[in-house]
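What follows is a set of notes on a single structure, which appears directly below.
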């Protein structure tokens, strides 16, 4: 008799998403929803959606959600956690949101050791607005604002946020994972669950999981080519691993 | 708790907020309101409540947004340049219909300006300094006691209408000390915050948002907000007037300017000049009808502000052409003296015919 | 056949990631488009072992995975929600 061993988690609403075919957001959403189901925390969790492709995350996560100003999610999360220490607060942010406009907010939330969980989706472009360069766009990568490829002498270097944040004593757990292979996605699930468990156990400090995520549409690749590019190029610039905690 | 205490405005407004049930304060240092976060940093932990100094006013207003989204009573304070940084956040509070109180202890501008008192943020406050069609209730006290009384009112208004409320003070009001009494007034009957994010514990999820991409939804949302604003305009206008009925000249001023005008009008009355004053306490909703009625029988309206003239436009709109409206003010931290206002009043009696 | 998958073809956007990761070549892109105009994935043979790689990489959570009962007794890595429900 066949037993079902894998299905959509409850914390993920049963509806189509607006994400492009092969987009990593859908995978990240499922891993977080599985974690919420497995830890049984739907009734205590409040999620924060960024401005970016995932701004509509409140249509997909079946928990209390808020959508906030671009880059300000860590500050909103701070306001929520400080006044509701018993709630589980997660901030879901893209690379434009967290590493461009919101750099100040994530560094200060980390430096204060806010007991929140940050899920940082790094897909190396601004997706929602049409594929412009992001702080994490890698060198020579063509985007709609680096038509000749990112040139360090003009646009600087890809920003390694996770490494940056490991220097702050206020961070207790930082891991960079990737969504381009099932084995790595399993590991990403473990990392996300660990981050949520730290918050659940009032561990003193901020936990952040960076997820390298495919963006086939604005990398101008097929989804399969995109995961190959992540394997061959992206993980060189953004090495995977548990950086802290 | 209701004996008289000598307190500076910044500390008094903080204590009043605490008495009004403030759950959390987020702020950032900026003169001339530094005593607010300083006072809060001592008193809020004493009450077991949240105080946090943020990394910027941008962060402060978004921390306010977070706490407000979970149904808490929350405020921030800053001064003009900091309030400019908060405008996007205030627009989000209005769009997401979240209650919050923001205190602006105004200083000289534009730019870094100076740290002297000013009323140069009137347009920003009353027209909505951020993007989109929204209004914010603006309270303008003109004494430390009234500043204290404004705080519980601001929180009640914010909760009742689910909107950010601005309390507009200035460098003088913030820094000067006056005796105050903290009488704990009961709260208004306020609607339950069943929209708040408290964790969907066997209930449907709540979403706090200001984005709706589907066609026509934000349009309708705007009309819903406008309906709330109409309600506020109907119920919440506060305005004081003095000896206007027989007056030939009416001076309109708010906040600290109104204190100066009071002195000038009293002196002018002693000189036999028939002059009165009108003092808007809510700058939005503006007391348009009250001023319009005062203009029924011909008067000259003089608006006095610590600026180059901003509220004067609302006075002109209110008077609607029935009478001339002239302006006198000093900007960039300049403070008109009673003598200067009195001189202006005297001039209006000598040559009424060549008024613009 | 130790395993089976069920693809929600209306939810599938034909991204092809499952096709690429299936160790048994058990999935192909269908010639029939779904209502949204995507050409969804469909089962290609019966070599499925229920390893769930396809479901794990599917961005739409559109694949359900079933496994034969006896295989269940062997200890499994923490891969799927149902299996780990028991653990804290």
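For region A:42-53, a residue qualifies if it is within 22 Å of residue A:198 (Cβ to Cβ), outside any strand (DSSP E or B) and under 15 Å from the mean Cα position of the chain (by Cα), and exactly one does: A:50. Identify, from the list B:173, B:213, B:166, the residue that is within 24 Å of residue A:68 (Cα to Cα) and away from every other protein chain (no Cβ under 14 Å). Among B:173, B:213, B:166, only B:166 is within 24 Å of residue A:68 (Cα to Cα) and away from every other protein chain (no Cβ under 14 Å). Of the helices (runs of 4 or more DSSP H) entirely within region A:65-158, those holding at least 2 residues that are at the interface with chain B (Cβ under 8 Å from one of its Cβ atoms), modelled with pLDDT of 95 or more and within 21 Å of residue B:89 (Cα to Cα) occupy A:73-83, A:103-111. Pairs meeting the criteria (first residue in region A:88-115 and farther than 21 Å from residue A:196 by Cβ, second residue part of a helix (DSSP H, G or I), beta carbons under 6 Å, at least 6 apart or on different chains) are A:99/A:161.
For region B:25-48, the condition holds for at least one residue, the condition being that it is assigned to a helix (DSSP H, G or I), within 14 Å of chain A (Cβ to nearest Cβ) and more than 18 Å from residue B:182 (Cβ to Cβ). Residues in region B:292-327 that are within 21 Å of residue B:125 (Cβ to Cβ), crowded, with 21+ Cβ neighbours inside 10 Å and out of contact with any helix residue (DSSP H, G or I) (no Cβ under 8 Å at 6 or more places or on another chain): B:312 only.
With respect to the stated conditions, residue A:15 fails to be assigned to a loop (DSSP other than H, G, I, E, B) and either closer than 24 Å to residue A:197 by Cβ or touching a helix residue (DSSP H, G or I) at 6+ places or on another chain (Cβ under 6 Å) (or both). Part of a helix (DSSP H, G or I), out of contact with any helix residue (DSSP H, G or I) (no Cβ under 7 Å at 6 or more places or on another chain) and within 21 Å of residue B:31 (Cα to Cα) - does that describe any residue in region B:85-94? Within region B:85-94 (the criterion being part of a helix (DSSP H, G or I), out of contact with any helix residue (DSSP H, G or I) (no Cβ under 7 Å at 6 or more places or on another chain) and within 21 Å of residue B:31 (Cα to Cα)), the answer is yes, since at least one residue qualifies.
Given the residues B:58, B:98, which is the only one that is outside any helix (DSSP H, G or I), under 21 Å from residue B:209 (Cβ atoms) and within 14 Å of chain A (Cβ to nearest Cβ)?
Numbers: B:58 fails: outside any helix (DSSP H, G or I).
That would be B:98, the only listed residue that is outside any helix (DSSP H, G or I), under 21 Å from residue B:209 (Cβ atoms) and within 14 Å of chain A (Cβ to nearest Cβ).
Filtering region B:277-310 to residues that are outside any loop (DSSP other than H, G, I, E, B), over 21 Å from residue B:330 (Cα atoms) and in contact with a strand residue (DSSP E or B) (Cβ under 8 Å, 6 or more places away or on another chain) leaves B:282, B:284, B:290, B:291, B:294. Given the condition touching a residue at least 40 places away in the same chain (Cβ under 8 Å) and over 29 Å from residue B:231 (Cα atoms), answer yes or no: does some residue in region B:276-294 qualify? Within region B:276-294, none of the residues are touching a residue at least 40 places away in the same chain (Cβ under 8 Å) and over 29 Å from residue B:231 (Cα atoms).
Among (1) within 10 Å of another protein chain (Cβ to nearest Cβ); (2) out of contact with any helix residue (DSSP H, G or I) (no Cβ under 6 Å at 6 or more places or on another chain); (3) in a loop (DSSP other than H, G, I, E, B), where does residue C:24 come up short? In the conditions (1) within 10 Å of another protein chain (Cβ to nearest Cβ); (2) out of contact with any helix residue (DSSP H, G or I) (no Cβ under 6 Å at 6 or more places or on another chain); (3) in a loop (DSSP other than H, G, I, E, B), residue C:24 misses (1) alone.
The values are calculated or read from the model by the stated rules, or taken from the named source; none is laboratory data. Since the model is a prediction, treat every value here as computed from it, not as a measurement. Don't worry about glycine lacking a Cβ; one is built from the backbone with ideal geometry, like all the others, and counts go over all protein chains shown.
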